[in-house]
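Have a look at the structure below, then the notes.
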Amino acid sequence: KPETDDIRESPALAVIEDLRKEGARVRAFDPAAMPNARALHPDLEYAKDAYDCAAGADFLVLATEWNVFRKLDLDRLASLMRSRTMIDLRNVYEPAELRRLGWTYAGVGRG
């Protein structure tokens, strides 16, 4: 949930569980909810910031609309990842703009 440390009923937790069931290695970052997340999932890998979270990743899942995620340096982010692939579950970014920058982009309910 943006701008809070409240993780109750967080859709991100369901996404994490689904990815892990499929064998994905998950690294997570949230600006405020890390202590609460660690209490529920001490076995997850936690990052110090969004860029640390993206380092070496095959894809990025954006599951909250924190303002800090709206202002990411997308070129820096891409340089850290294995591919420019973003799954934006909160429709933070404009699909056409991300594609123009060379990203493979999927938003919810958007082309």
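The values are calculated or read from the model by the stated rules, or taken from the named source; none is laboratory data. All of these numbers come straight from a predicted model, not from anything done at the bench. Note that we place each Cβ from the backbone using ideal geometry, even for glycine, and neighbour counts take in every protein chain shown. Accessible surface is based on the protein model in full, side chains and every heavy atom, while ligands, DNA and RNA are left aside. Shrake-Rupley method; radii C 1.70, N 1.55, O 1.52, S 1.80 Å.
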Check: How large is the accessible surface per residue of the chain, computed with a 1.4 Å probe and reported in Å² as a whole number?
Finding: 59 Å²
Next item on the list: Could you look at the chain and say what percent of its accessible area is carbon and sulfur, using a 1.4 Å probe and all protein chains?
Entry: 51 percent
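Size of the dipole of the chain about the Cα centre, Lys and Arg at +1 and Asp and Glu at -1 on the beta carbon, nothing else charged, in debye to 20? Could you put the intermediate results ahead of the total?
Working: 17 positive and 19 negative charges, 61 e Å.
In total the dipole reaches around 300 debye.
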Check: Pulled fully out, how much extra length does the chain show between Asp18 and Glu65, if you take 0.36 nm times their separation in residues and subtract their Cα-Cα distance?
Finding: 14.9 nm
Next item on the list: Would you please put 58-66, 23-31 in order of how densely packed they are, using the mean number of other Cβ atoms within 10 angstrom per residue and starting with the highest?
Entry: 58-66, 23-31
Check: Leu89 versus Asp49, label points 7 Å from Cα toward the beta carbon: distance in nm?
Finding: 2.4 nm
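Can you give me the Rg/Rh ratio for the chain, using Cα atoms for both radii and the Kirkwood formula for Rh? List each step's numbers first, then the result.
Numbers: Rg = 13.4 Å, Rh = 14.4 Å.
Taking Rh as the inverse mean 1/r over Cα pairs, Rg/Rh reads 0.93.
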